[in-house]
Every structure is written in C-alpha cells, then in structure tokens.
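The values are calculated or read from the model by the stated rules, or taken from the named source; none is laboratory data. Please read all numbers here as calculations on a predicted model, not as lab measurements. When we count neighbours, we look across all protein chains shown, and the Cβ atoms used for this are built from the backbone with ideal geometry, even at glycine. Protein only, heavy atoms only, side chains kept; ligands, DNA and RNA dropped before computing areas. Shrake-Rupley method; radii C 1.70, N 1.55, O 1.52, S 1.80 Å.
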Amino acid sequence: MNLETNIQNSYQIRQSTFCKYVLVTPNKEIQLTFPQMLELRRKINGLTTINTLNKIINNENFVLLFVADKQHLIFLEIPQLLKLKEEIALFFLDFKPVLV
Amino acid sequence: MNTTAIRKQMSIHPDVMDLLNNQIGMEMKASASYLAMASWCDQRELLNSKAFFYKQAEEEREHAMKIFTFINDNGGAAISPNVTNVNNDFESLRGIYETGLEQEIAVTESIFKIFKSARKEGDLITEVFLQWFISEQSEEEDTFRSIIDVFDLMEGMPLKMIDERLPKE
Ligand SMILES: [Fe+2]
Ligand SMILES: [Fe+2]
C-alpha cells in the first residue's frame with residue numbers, strides 16, 4: 001500500500017462546532033457528539049489490543065463497526081484501524097484539568 | 001461568548017477514566033464474590049458471618065456506583081462491567097475470610113495505581129475523589145485482619161462458637 005492511498009483511505013476527526021465533531025471517512029462525514037466520541041474511543045481501544053488485533057489479522061483482516069449510536073457502519077482495515085486509534089488518542093490528548 | 005461554555009467536555013483524564021472503569025468491574029466482582037461467601041455461610045447457619053458478607057456485597061456495589069456516577073458526572077462514559085468467574089466453592093470459613101482479605105488488598109493496590117495515574121496526569125478531581133476510597137480500604141483491610149486474628153486465638157473451637165465472636169458488619 002503506498003502512502004497516498006493510505007492517506008486517502010484514512011479516517012480523520014475534526015471539530016465542527018464547540019461540542020460537535022466529525023469523523024471523516026473515505027466516503028462520508030459522520031457527525032459525532034462527545035459521548036459518541038467516547039464510545040468510539042472505547043471500541044477502537046478494545047479492537048487494538050494485541051490479542052484482538054491478532055484475532056482480526058488471523059480472520060477477516062478487517063472490522064465493521066457501528067458509530068454514532070448505531071446510525072452508521074464503518075469498515076476498517078488494519079492500517080485504518082491503527083490510524084484511527086492515533087487520531088482518537090490525539091483528540092483526547094488536550095486534557096486540561098484545571099479550568100482557569 | 002457564553003462563559004459557561006468554556007468548560008471542557010470532560011473534566012477527568014481519559015486514561016484515568018479507563019482505570020476507573022476497570023475499578024467499577026473490580027468492585028462489582030468483589031460484590032459478587034462476597035455474595036457467594038454470604039450464601040456459603042447462610043447455608044451453614046453461620047449467622048454473623050452471613051450478615052457480614054451480605055453487608056460487604058452491598059457495600060462493594062455502592063463503591064462501584066460511586067465510581068460509576070463520578071465518571072458520568074464528570075463528562076466521561078461509565079461502562080457497565082462484565083462480571084464472570086465468580087467462585088462459589090469454598091473449603092472453610094477461615095479460608096473465606098482470607099480470600100476476602102486478599103481481595104481487599106488487591107483493591108487497595110488498584111486504587112493506589114489509579115491515584116498515582118491521576119496525580120501523574122494532573123487530574124486533581126479524580127485524585128480528591130479517590131481519597132475517600134483510600135481511607136475506606138485501610139479500614140476494610142483492618143476489619144478482615146482482626147477477624148483472622150480471632151480465628152488464630154480460637155483455633156480448635158467449634159465453628160459456630162467462632163462465628164458468634166465475629167462482627168456482623
Ligand atoms: Fe470496595
Ligand atoms: Fe471492600
């Protein structure tokens with residue numbers, strides 16, 4: 001897989017308004033609320049443990065995943081899955097506990 | 001601009017939240033485990049011990065709920081846990097209390113781990129929240145240790161006589 005298709009097929013997260021987010025997929029843009037983001041984070045983290053990744057690789061080599069309260073179904077191959085995990089980690093990185 | 005909107009979506013750290021969610025599972029597992037112990041004692045008419053473990057089972061559920069509502073109140077996502085592999089097979093009353101103490105020690109260590117993680121991440125809200133749990137754990141461990149002391153003192157006595165000397169809660 002070359003880098004260009006990798007970027008084209010990857011999933012990205014954008015903030016649209018203050019508390020609305022967008023999951024950009026190769027064929028659509030999915031609006032997400034914060035709780036839906038948290039649920040996506042939980043699912044992706046669950047799918048990217050060493051054990052689960054191994055299972056996926058040894059079986060279909062992709063995952064289908066419901067997002068946004070089961071309104072959308074997304075298709076992820078391993079590189080996309082890992083890229084999305086990174087995206088999400090980045091999204092949650094800006095934790096600022098002390099509100100000034 | 002609306003100043004109240006400046007508040008972040010989530011006021012606890014996401015990694016700390018994951019650990020807190022694991023802790024919910026651990027408390028619920030402890031609750032289920034104490035329930036099994038209560039049943040063992042109940043079936044053998046060990047009245048004080050049965051009351052003790054029914055109470056423990058309830059308390060552990062309360063601990064789980066405390067963490068559960070804490071996560072959601074702070075903008076996170078609390079997860080209802082799977083509770084599996086609950087042991088219902090015991091060999092002695094003393095053994096039950098020893099298992100109880102081991103379980104409490106494991107919970108204490110787990111709480112310490114979350115506390116340290118909260119401190120590392122600068123998550124002051126969780127740090128303060130966990131202080132109650134830390135004192136609670138030291139009391140719980142102390143209760144179990146004193147009960148095991150009673151077994152040591154009364155070694156060889158009939159089980160029901162030992163049970164009568166044990167606390168109901
Ligand atoms: Fe507890
Ligand atoms: Fe406890």
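Observations
- Checked against (1) under 24 Å from B:ASP18 (Cα atoms); (2) assigned to a helix (DSSP H, G or I), A:VAL22 passes all but a single condition, namely (2).
- Residues satisfying the stated conditions in region A:25-35, i.e. open to solvent by less than 60 Å² (accessible area, probe 1.4 Å) and either within 14 Å of chain B (Cβ to nearest Cβ) or in a helix (DSSP H, G or I) (or both): A:LEU32, A:THR33, A:PHE34
- For region B:147-158, the criterion of being open to solvent by 60 Å² or more (accessible area, probe 1.4 Å), within 16 Å of ligand 2 (Cβ to nearest atom) and away from every other protein chain (no Cβ under 14 Å) is met by none of the residues.
- Failed item, numbered, when B:GLN9 is tested on (1) surrounded by fewer than 17 Cβ atoms within 10 Å (Cβ to Cβ); (2) touching a helix residue (DSSP H, G or I) at 6+ places or on another chain (Cβ under 7 Å); (3) within 14 Å of chain A (Cβ to nearest Cβ); (4) in a helix (DSSP H, G or I): (4)
- Checking B:SER110, B:SER31 one by one, the residue that is under 11 Å from the mean Cα position of the chain (by Cα), crowded, with 20+ Cβ neighbours inside 10 Å and more than 21 Å from B:SER146 (Cβ to Cβ) is B:SER31 and no other.
- For first residues located in region B:85-107 and of a type in the set (Gly, Ala, Ser), partners that are open to solvent by 30 Å² or more (accessible area, probe 1.4 Å) and assigned to a helix (DSSP H, G or I) and lie 6+ apart or on another chain with Cβ distances below 8 Å form the pairs B:ALA106/B:MET26.
- Qualifying residue in region B:37-49 (condition: within 14 Å of ligand 1 (Cβ to nearest atom) and open to solvent by 50 Å² or more (accessible area, probe 1.4 Å)): no
- Selection within region A:36-66 - within 14 Å of chain B (Cβ to nearest Cβ) and open to solvent by less than 90 Å² (accessible area, probe 1.4 Å): A:GLN36, A:MET37, A:LEU38, A:GLU39, A:LEU40, A:ARG41, A:LYS43, A:ILE44, A:ASN45, A:GLY46, A:THR48, A:THR49
- Failed item, numbered, when B:ASN82 is tested on (1) within 14 Å of chain A (Cβ to nearest Cβ); (2) out of contact with any Phe, Trp or Tyr (no Cβ under 8 Å at 6 or more places or on another chain); (3) in contact (Cβ under 8 Å) with a residue 60 or more places away in the chain: (3)
- Those residues of region B:113-133 which are surrounded by 13 or more Cβ atoms within 10 Å (Cβ to Cβ) and within 16 Å of ligand 1 (Cβ to nearest atom), in sequence order: B:LYS113, B:ILE114, B:PHE115, B:PHE129, B:LEU130, B:PHE133
- Extreme residue, least open to solvent (accessible area, probe 1.4 Å), among residues of region B:50-88 that are aliphatic (A, V, I, L, M) and away from ligand 1 (no atom under 15 Å from the Cβ): B:ILE71
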